[in-house]
Amino acid sequence: MPNLTQTALQEISRETLNHYSARAEAFWEGTRDHDVLQNIEALVSAIQSTPPFKVLDIGCGPGRDLASFVAMGHKPVGLDGSSTFCDMARNHSGCPVLHQDFLSLSLPANEFDGIFANASLFHVPSQELPRVLLELQASLKTGGVLFSSNPRGTNQEGWNGPRYGAYHDLKAWSAFLKDAGFAPIDHYYRPTGLPREEQPWLASTWRKI
């Protein structure tokens, strides 16, 4: 695990977010039709409270999945570090969207039934991940559910072009989540129906203890 200074952490956030903001329209066109219903249903089916659910979509991007949660009758709130994405998400979904950096979260306690982190938390450097997960855990109601989907790897991290990423395997990711006060519910690899070597995404659901 690299020992990153505060200056390095600020650079990671700035450069990664600048990359997304500069390519916001292209990102929207390239991802707006992605089918992540399996992931949405993995979260929703694991929540044990009475619907509609209040869901935090962390790393909501332009708002594709916020609109899906609204269509299902739930009450999603978006969060993204890119102000450009925040504006796009509000316009697309009509939902409230928080403009917050993952490394500087300010979330209400015991607020959400579920957290949807689809292709987002892998941007958090490993040394900061325990703190970030504790902050997310605190924002969930007791028994609330965290869903995450990240590109998997062999626990390496660093710059991938203009973006920073940490690529965990199931064992390492599970250790982070358990240390933050979560119990495992389920996990799977995506896309479904392919050999494991052709499934780059690790998805998992976790319950707040």
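Readers should treat all values here as calculations from the given coordinates under stated rules, not as data from a laboratory. Please read all numbers here as calculations on a predicted model, not as lab measurements. All Cβ positions, glycine included, derive from the backbone under ideal geometry; neighbour counts span all protein chains shown.
What the table below lists for this structure:
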{"read-out": "Per-region count, region 24-75, residues in contact with a Cys (Cβ under 9 Å, 6 or more places away or on another chain) and in contact (Cβ under 8 Å) with a residue 24 or more places away in the chain", "value": "7"}
{"read-out": "Any chance A138 is in contact with a Phe, Trp or Tyr (Cβ under 8 Å, 6 or more places away or on another chain) and either closer than 21 Å to F182 by Cβ or surrounded by fewer than 20 Cβ atoms within 10 Å (Cβ to Cβ) (or both)", "value": "no"}
{"read-out": "Residue list for region 111-135, restricted to those being closer than 14 Å to V77 by Cα and surrounded by fewer than 19 Cβ atoms within 10 Å (Cβ to Cβ)", "value": "E111"}
{"read-out": "Count of residues meeting criterion [surrounded by 14 or more Cβ atoms within 10 Å (Cβ to Cβ) and not aromatic (F, W, Y)] in region 161-177", "value": "7"}
{"read-out": "Complete set of residues in region 191-203 that are surrounded by 14 or more Cβ atoms within 10 Å (Cβ to Cβ) and either farther than 18 Å from Q38 by Cβ or touching a helix residue (DSSP H, G or I) at 6+ places or on another chain (Cβ under 7 Å) (or both)", "value": "L202, A203"}
{"read-out": "Verdict on A42 being among the hydrophobic types (A, V, I, L, M, F, W, C) and surrounded by fewer than 17 Cβ atoms within 10 Å (Cβ to Cβ)", "value": "no"}
{"read-out": "Pair list, Cβ under 9 Å, 6 or more apart: region 89-113 residue free of Cβ contacts under 8 Å to residues at least 24 places away in the same chain, other residue of a type in the set (K, R)", "value": "P96/R90"}
